[in-house]
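All remarks here apply to the structure that follows.
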Amino acid sequence: MKPIAVLGAGIAGLTAALDLNRRGLPTIVFEAGKAVGGMASSFKDAEGFSYDFGAHFVSNRLAAALGSADICRTVKHYGEAVHLNGRSYSYPFGLMLSPRFAPAAIAERYRDRPVVSAADWFRKKYGEVLAEEVAIPLTEAWSGAPAEELSPSVGRKFGPRILKSLYLNAAAKVTRRAVCNGYSHEMPESADVWHVYPEGGMGKLLEPVANEVRHLIRLESPVEKILVEDERVKGVRVQGETIEVSAVVSTAPVHILPKLLSGTRALDHMAAFRYRPMIFVNLRFSGRGHLPDTMLWVPDRSLPFFRMTETPISMPWLAPEGKTLITFDIGCEVGDQHWTMSDDKLAELCLDGIATLYPQLRRKFLSAGGVIRTPVSYPVYLTQYEEQRQRFAETTGVAGLYSIGRNGEFAHSLMEDVYWRTLRRMEDVAAYVGQMPQDLPFADEIARRMRPAAGQVAAA
Ligand SMILES: Cc1cc2nc3c(=O)[nH]c(=O)nc-3n(C[C@H](O)[C@H](O)[C@H](O)COP(=O)(O)OP(=O)(O)OC[C@H]3O[C@@H](n4cnc5c(N)ncnc54)[C@H](O)[C@@H]3O)c2cc1C
């Protein structure tokens with residue numbers, strides 16, 4: 001059988017390769033970068049501060065499934081808050097129970113409102129006041145699009161289930177562990193699923209899987225073309241070499257698939273799918289616990305950032321003792337004023353911003369800790385392509401082409417969901433290659449080998 005080509009060695013590509021390999025299916029992983037891990041990677045600077053490029057929070061269940069439970073530390077606390085009009089509210093209950101928001105939310109239950117956009121969905125779910133003051137400005141900041149132009153799927157993805165959240169919060173208090181809440185949609189969350197962090201950084205989480213499939217991985221080998229004939233995948237082109245394949249499993253962002261595909265125009269419409277670029281600015285401060293909780297949402301359009309994360313509140317080992325690190329998320333467009341701003345200027349902008357909320361932090365500021373710019377961060381669910389997005393979630397429309405992972409599925413998936421969804425999708429891949437007609441020359445060769453030689457027949 002010709003190999004199955006996997007594009008990308010992040011959690012999705014590695015999980016796919018491991019599963020296909022264990023099924024005995026020939027697999028090659030092509031990774032464009034110099035290392036495996038994709039977004040799951042961390043970096044420690046000379047001053048002892050650690051930064052994660054993507055994920056900070058993963059579950060003990062994912063660590064166990066990946067074989068890295070024994071290198072993970074338990075995270076004891078995780079919480080989110082929202083800063084609004086000079087005060088902070090815990091999320092979700094502080095906000096929902098506030099007399100400022102609760103009456104409008106209750107009134108909304110009795111109102112019949114058509115839901116055709118994310119803005120409608122937020123108003124219906126949280127009431128007019130909470131939607132207008134919190135949910136809509138935050139959604140617009142991270143997506144870069146008006147909430148009226150976003151599909152209701154945006155809200156459905158994030159809407160907390162109140163009773164379940166209450167139970168999980170209570171479980172966290174009783175067990176003194178950061179019980180996951182809203183981090184997995186594919187598997188049930190319970191008191192037994194809590195946040196952990198791997199010793200040595202996020203990349204370590206994937207090491208056991210990477211070790212098992214290392215012989216299948218080609219680093220610094222971006223797939224340049226996926227070759228399609230009669231709407232069926234036939235091969236890939238990598239560094240000028242054409243390799244025949246039986247299927248392709250891609251983790252690349254969907255908007256570049258049309259450029260990768262050769263021999264079909266079936267996915268041309270995906271070029272219009274948008275990802276929101278982001279800038280992550282890190283600032284170092286003396287002291288710790290400056291934010292009211294690990295993550296602070298800031299629905300304030302006058303500030304350049306919409307979220308701040310103080311990871312050492314949850315993972316104290318990510319900063320030297322007595323110091324802390326705060327990461328600021330700035331939604332942007334490639335080439336805009338923030339994207340092109342110098343790192344020093346961005347740090348200054350964030351320091352000025354946080355000082356308007358917490359003036360004492362200006363005195364505690366130590367230094368800027370680096371800036372990460374990423375052109376592909378969050379998928380933007382515009383209503384204009386919602387139907388196509390839903391269709392793509394079922395099938396790519398090209399036989400033998402599977403698109404998986406966060407960017408490959410164009411979904412706001414966190415690592416654990418990426419893992420379970422990938423395993424499920426590999427069943428489809430195995431079924432597809434299992435029922436593929438063998439190429440004639442290969443089938444002829446097998447038939448020839450099985451045919452007894454004339455002499456043997458005579459002897460019999
Ligand atoms: C800011 C941010 C915060 C997050 N926080 C969390 C969190 O706290 N918890 C959590 O669970 N998840 C979190 N996530 C999500 C998590 O990081 C992702 O779900 C996960 O890392 C996605 O893995 P992946 O394998 O799908 O993609 P990636 O990790 O992006 O891997 C894709 C790989 O494909 C390679 N590639 C692309 N094109 C090609 C090509 N043509 N040829 C060869 N290789 C190619 C890339 O180089 C890359 O290595 C966060 C994400 C972001 C952006």
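The values are calculated or read from the model by the stated rules, or taken from the named source; none is laboratory data. All of these numbers come straight from a predicted model, not from anything done at the bench. Cβ atoms come from the backbone with ideal geometry, glycine included; neighbour counts cover every protein chain shown. For the accessible areas, the whole protein counts, side chains as well, though only heavy atoms, and no ligand, DNA or RNA atoms are used. Shrake-Rupley method; radii C 1.70, N 1.55, O 1.52, S 1.80 Å.
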- Query: Given segment 153-258, what helices (runs of 4 or more DSSP H) lie entirely inside it while holding 3 or more residues that are within 30 Å of residue 91 (Cβ to Cβ)?
  - Reply: 153-158, 162-175
- When the residues of segment 215-229 are filtered to those that are without any contact (Cβ under 8 Å) to a residue 60 or more places away in the chain and over 12 Å from residue 28 (Cβ atoms), which remaining residue is farthest from the ligand (Cβ to nearest atom)? 229
- Would you be able to say whether some residue in segment 386-407 is within 16 Å of the ligand (Cβ to nearest atom) and charged (D, E, K, R)? yes
- Residue ranges of helices (runs of 4 or more DSSP H) in segment 54-111 with at least 3 members within 16 Å of the ligand (Cβ to nearest atom) and either closer than 26 Å to residue 306 by Cα or β-branched (Val, Ile, Thr) (or both): none
- Test for residue 10: is it open to solvent by 10 Å² or more (accessible area, probe 1.4 Å), under 20 Å from residue 420 (Cα atoms) and within 11 Å of the ligand (Cβ to nearest atom): yes
- Task: Determine which member of the set 36, 29 is open to solvent by 20 Å² or more (accessible area, probe 1.4 Å) and within 9 Å of the ligand (Cβ to nearest atom).
- Result: 36
- Note on the structure: residue 137 vs (1) in contact (Cβ under 8 Å) with a residue 60 or more places away in the chain; (2) crowded, with 22+ Cβ neighbours inside 10 Å: all pass except (2)
- Hey, residue 292 hits all of (1) part of a loop (DSSP other than H, G, I, E, B); (2) more than 30 Å from residue 361 (Cβ to Cβ); (3) of a type outside the set (A, V, I, L, M, F, W, C); (4) in contact with a strand residue (DSSP E or B) (Cβ under 9 Å, 6 or more places away or on another chain) but one; which does it fall short on? (2)
- Which of the following residues is surrounded by fewer than 16 Cβ atoms within 10 Å (Cβ to Cβ) and not basic (Lys, Arg): 130, 166? 166
- Query: Restricting the search to segment 380-428, which residues are more than 17 Å from the chain's Cα centre (by Cα) and among the small types (Gly, Ala, Ser)?
  - Reply: 397, 399, 400
- Task: Please enumerate the residues belonging to segment 314-352 that are open to solvent by 30 Å² or more (accessible area, probe 1.4 Å) and not in a loop (DSSP other than H, G, I, E, B).
- Result: 316, 317, 323, 343, 344, 345, 348, 349, 352
- Item | Any hit, segment 263-270, residues being open to solvent by less than 20 Å² (accessible area, probe 1.4 Å) and out of contact with any Gly (no Cβ under 9 Å at 6 or more places or on another chain) | yes
- A careful count of residues in segment 1-48 that are among the polar types (S, T, N, Q), assigned to a strand (DSSP E or B) and farther than 21 Å from residue 424 by Cα gives 1
